[in-house]
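Please read the structure below before turning to the comments.
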Amino acid sequence: MGAASMASMQGKRILLGLTGGVAAYKSAELTRLFIKAGADVRVVMTEAATRFIGPVTLQALSGQAVYTDLWDPRIADNMAHIELSRDRDLMLVAPATADFLAKIANGLADDLLSTLCIARRCLLLVAPAMNVEMWSSPATQRNVALLRADGVTVLGPAAGDQACGETGMGRMLEPEQIFAELMSQFAPRLLRGKRVLVTAGPTFEPIDPVRGITNISSGKMGYAVAQAAVEAGAEVTLVSGGTSLVTPAGVTRIDVQSARDMRDAVMTRVKKCDVFIAVAAVADYHVVGAKSQKIKRGDGNLTLELAPNPDILAEVAKLPRAPFCVGFAAETEKLHEYAQAKRKKKKIPLLAANLAQHAFGQDTNALTLFDDKGEHVLPRAPKIVLARQLLAHVAAMLRR
Ligand code: C5P
């Protein structure tokens, strides 16, 4: 994918703050990833963080002096609490303890790092790391909600084994995941000013008021595409079948049930959009004469008559001033053969194909993009990473 997948943070200036948690050791690896990608990393540690990892380690990895003290005599005029963040593009606190989140949520500033947070002008991201009970406590949840409302980006935490021996939510994200999040923060706004319409999730075709035909699509890939489009600067509408997913920040979501509902929701909005990305797993058929009352059990066979659903993507692609259309194809075999045939049949410029058994319901996927130039393999990665790569490809095709 060329530039899109090249992990460059050349010239980006990061202030990395560490607070006192076992996960501090992961921040050494994170520093290494940032430096390898060309970033300028200035490390600030709380007193407690220095109990977990030595400043010397971070100094060696970042190639710069590490700061811990509000009264550091190396900074002129005792202005360390302001100076150290002024030239930064972004501040990241990883690990962020429950205590530290509480402090910055409430504007407390009694050490160098918390003072830098309140005096900053740049973006702030935090990667919480704590015991499962500490994370789920009402106080921490309240503080996290306050931070989000203040525009702080909260990365993770993840679920899994914890240093204390317990298992659950509270582990800091892995260095690679935090690195990927920062990459997206630095991503050029490739779709700025573009309006993107995305379909996601399964459709549900009613049989009667309590039964229906659906499929196992989780909606994760479509939601990731919507999120990546917002990150790329687009105005995004998501037409979604039933899922239990949280709407990505900044996305307008319209909930639908059946394929025909989805078609209507798409057709009323598609004329105002520049890009249409059909990720939904749309049912091919609906039940003819769905009953308005619950069907009673009988002794004999029951036959359902199915009629074809509209092909939303093909219909959009046929419009006189069609937006740039992207299709998804989940196959269980012969991926390449079926995918190119599908792209041509639907007359769309770009199709992303995956093997259904490797994708449905999972957090990772592997995609192959098919366009008029051939195929481009996107190796297995979290769906959000693939979504960003897909949109970089779309942006490149739009520029052509
Ligand atoms: O089901 P099929 O493999 O043809 O789906 C390929 C693409 O077409 C997907 O992007 C899907 O969202 C879209 N599609 C659609 N309406 C349908 C069936 C599929 O928009 N009725």
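Some points to look at:
- Extreme residue, farthest from the ligand (Cβ to nearest atom), among residues of the stretch 327-344 that are out of contact with any helix residue (DSSP H, G or I) (no Cβ under 6 Å at 6 or more places or on another chain) and under 17 Å from Phe276 (Cα atoms): Lys344
- Residue within the stretch 283-306 that is more than 13 Å from the ligand (Cβ to nearest atom), under 17 Å from His376 (Cβ atoms) and either without any contact (Cβ under 8 Å) to a residue 40 or more places away in the chain or of a type in the set (Gly, Ala, Ser) (or both) present: no
- In the stretch 236-266, of all residues being in contact with a Leu (Cβ under 9 Å, 6 or more places away or on another chain) and not polar (S, T, N, Q), the one that is farthest from Ala392 (Cα to Cα) corresponds to Ile254.
- Any hit, the stretch 54-61, residues being of a type in the set (Val, Ile, Thr), surrounded by 19 or more Cβ atoms within 10 Å (Cβ to Cβ) and under 30 Å from Gln162 (Cα atoms): no
- Among the residues listed as Leu355, Leu351, the single one being modelled with pLDDT of 95 or more, over 18 Å from the mean Cα position of the chain (by Cα) and hydrophobic (A, V, I, L, M, F, W, C): Leu351
- The residue that is farthest from Val230 (Cα to Cα), counting only those in the stretch 166-194 that are of a type in the set (A, V, I, L, M, F, W, C) and modelled with pLDDT of 90 or more, is Met169.
- Checklist (1) within 16 Å of the ligand (Cβ to nearest atom); (2) surrounded by fewer than 19 Cβ atoms within 10 Å (Cβ to Cβ); (3) not hydroxyl-bearing (Ser, Thr, Tyr) applied to Asn365, failing item: (2)
- From the list Gly151, Gly168, the lone residue that is assigned by TED's automatic domain parsing to the domain that holds Ala180 and surrounded by 13 or more Cβ atoms within 10 Å (Cβ to Cβ) is Gly168.
- Condition met for Gly107 (under 31 Å from the mean Cα position of the chain (by Cα) and without any contact (Cβ under 8 Å) to a residue 24 or more places away in the chain): yes
- Helices (runs of 4 or more DSSP H) (entirely within the stretch 1-101) containing at least 3 residues that are at pLDDT 95 or above and of a type in the set (A, V, I, L, M, F, W, C): 24-36, 55-62
- Taking the criterion of being surrounded by 23 or more Cβ atoms within 10 Å (Cβ to Cβ) and of a type outside the set (Phe, Trp, Tyr), the only residue of the stretch 368-382 that qualifies is Leu369.
- Test: residue in the stretch 196-212 that is out of contact with any His (no Cβ under 6 Å at 6 or more places or on another chain), surrounded by fewer than 20 Cβ atoms within 10 Å (Cβ to Cβ) and within 29 Å of Ala232 (Cβ to Cβ): no
- Among the residues of the stretch 279-310, just one is of a type in the set (D, E, K, R) and within 37 Å of the chain's Cα centre (by Cα), namely Asp284.
The values are calculated or read from the model by the stated rules, or taken from the named source; none is laboratory data. In this text, all values refer to a predicted model and were calculated from it rather than measured experimentally. Here the Cβ is made from the backbone with ideal geometry for all residues, glycine too, and neighbour counts use every protein chain on show.
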